[in-house]
Amino acid sequence: RYEPTWGSLDARPLPAWFDEAKFGVFIHWGVFSVPSFGSEWFWWYWQKEKREPYVKFMEANYPPGFSYEDFGPLFTAEFFDPNQWADILKASGAKYVVLTSKHHEGFTLWGSKYSWNWNAVDVGPKRDLVAELATSVRNRTDLHFGLYHSLFEWFNRLFLEDATNAFKTRKFPTSKSLPELYEIVTKYQPEIIWSDGDGNAPDTYWNSTGFLAWLYNDSPVRDTVVTNDRWGVGSICTHGGFYTCSDRYNPGHLLPHKWENCMTIDRSSWGYRRDARLGDYLTIEDLVKQLAETVSCGGNLLMNIGPTHDGRIAVVFEERLRQVGAWLKVNGEAIYGTKPWRAQNDTVTPGVWYTFSPKEGKVNAIFLNWPVSGTLELGEPRAKLAETQVKLAGYKELLKWVALGEKGMVIALPPLTPQQLPCQWGWTLQLTDV
């Protein structure tokens with residue numbers, strides 16, 4: 001059994017499915033999806049920091065005295081079709097999904113008995129959004145279902161009172177945050193608990209180790225659940241299951257501990273923004289590059305979308321997810337279930353990232369630019385005459401190559417028209433016996 005200490009909890013092996021999955025989709029959805037302006041931190045930027053664009057937006061569009069709570073009933077989700085969401089998630093090639101069950105605004109997407117009149121069953125959609133998505137994902141896909149949960153809440157009176165007392169009192173975690181965590185685990189059995197928002201309080205205030213010991217020892221998901229590293233001040237990148245270290249974390253080199261790059265398709269926001277421009281969204285080329293870099297360095301990629309207040313996944317997000325799925329149909333062997341190789345990226349040609357498929361004994365070289373010359377030089381692999389074989393994923397014939405001394409090789413790519421290419425962005429060479 002695990003003790004409620006970091007020493008004991010950190011020794012728990014990470015369930016193998018998480019490292020094998022490599023790719024998940026993050027969904028930021030909540031009351032912030034109603035103003036859908038600027039950022040999911042709308043309430044904080046408007047009320048606490050009084051940032052000019054947010055103040056002006058409210059003055060121009062809402063009556064005086066309109067409060068953030070008044071957005072609650074406008075979070076309607078009338079177009080939310082969990083089956084359609086599940087089908088899009090499946091088409092993306094993702095192996096897990098993480099939904100924001102509660103963000104820093106404190107609004108729960110399930111009918112929490114600890115969030116009276118500030119949850120999706122009492123206010124707005126009048127639906128248990130967590131239950132609906134969990135059911136559809138489990139019935140229609142093989143994705144692992146995970147939940148994001150914010151420890152703190154910006155404007156909760158109990159939290160503000162504890163903060164004033166320098167966290168010597170613990171009213172908020174004992175009556176709100178921890179009961180909610182036990183509630184979502186027992187009710188929805190998520191296989192990822194993605195914790196966030198420490199509110200500048202230590203893990204002892206949150207009793208994070210006590211909760212995690214229960215999660216790993218006695219909860220219904222004790223054998224399969226994975227957790228991240230955001231459990232109080234000082235725990236990030238140090239304690240917990242996989243490390244996130246920071247938002248959009250992409251170190252570009254191998255790390256000794258399992259990590260995840262959580263990032264957003266919209267560069268500026270995690271929640272939906274009506275004011276976003278096309279240039280604010282990462283292109284499919286950007287996303288393939290992120291995936292290749294992240295996986296080659298031993299990480300998982302958690303790619304975020306923000307649905308609308310009425311429950312739609314915007315067409316631009318759907319298109320990006322389906323494009324990633326189309327790419328993974330051809331190149332998935334270089335991603336799923338792989339391990340980092342001895343080199344992460346090539347030393348001679350930029351934009352080449354390596355992964356290793358242990359079952360097949362293959363080295364995968366993902367290259368992001370198709371060379372004009374028609375030949376690709378790789379500086380890292382050591383080829384063996386008459387033994388090494390090179391294939392292009394999605395193309396039948398073996399490719400010709402020559403060795404460059406002890407290390408390195410030049411590979412002749414097939415002369416293909418754009419229509420004949422196995423995919424349009426980023427390609428995989430599979431090398432055996434190198």
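The values are calculated or read from the model by the stated rules, or taken from the named source; none is laboratory data. Predicted model only: the values in this text are computed from it and were never measured. Here the Cβ is made from the backbone with ideal geometry for all residues, glycine too, and neighbour counts use every protein chain on show. The accessibility values were calculated without ligands, DNA or RNA, using every heavy atom of the protein model including side chains. Shrake-Rupley method; radii C 1.70, N 1.55, O 1.52, S 1.80 Å.
Data table
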read-out: Matching residues in region 130-149 - criterion: being more than 19 Å from the chain's Cα centre (by Cα) and either surrounded by 21 or more Cβ atoms within 10 Å (Cβ to Cβ) or not polar (S, T, N, Q) (or both); value: Ala131, Glu132, Arg140
read-out: Test result for Leu160, outside any strand (DSSP E or B), assigned by the TED database to the domain that holds Arg12 and in contact (Cβ under 8 Å) with a residue 12 or more places away in the chain; value: no
read-out: Cβ pairs under 6 Å, 6+ apart, first in region 200-212 and open to solvent by less than 50 Å² (accessible area, probe 1.4 Å), second of a type in the set (Phe, Trp, Tyr); value: Ala201/Phe167; Asp203/Trp231; Tyr205/Phe167; Ser208/Trp231
read-out: Boolean, Val185 is over 16 Å from Trp29 (Cα atoms), of a type in the set (A, V, I, L, M) and open to solvent by less than 10 Å² (accessible area, probe 1.4 Å); value: yes
read-out: Output for region 259-285, where each listed residue is closer than 17 Å to Lys22 by Cα and open to solvent by 30 Å² or more (accessible area, probe 1.4 Å); value: none
read-out: Residues being touching a Phe, Trp or Tyr at 6+ places or on another chain (Cβ under 8 Å) and under 30 Å from Leu431 (Cβ atoms) - total across region 302-322; value: 3
read-out: Members of region 286-296 found to be open to solvent by 20 Å² or more (accessible area, probe 1.4 Å) and either over 19 Å from Lys329 (Cβ atoms) or over 14 Å from the mean Cα position of the chain (by Cα) (or both), listed by number; value: Asp286, Lys289, Glu293
read-out: Thr76 polar (S, T, N, Q) and in contact with an Asp or Glu (Cβ under 8 Å, 6 or more places away or on another chain); value: yes
read-out: Where a residue in region 132-149 is assigned by the TED database to the domain that holds Lys102 and its partner, wherever it lies, is acidic (Asp, Glu) and part of a helix (DSSP H, G or I), with Cβ under 9 Å and at least six apart; value: Ser136/Asp87; Arg140/Asp87; Thr141/Asp87; His149/Glu180
read-out: Any hit, region 74-96, residues being assigned to a helix (DSSP H, G or I), aliphatic (A, V, I, L, M) and closer than 26 Å to Ser175 by Cβ; value: no
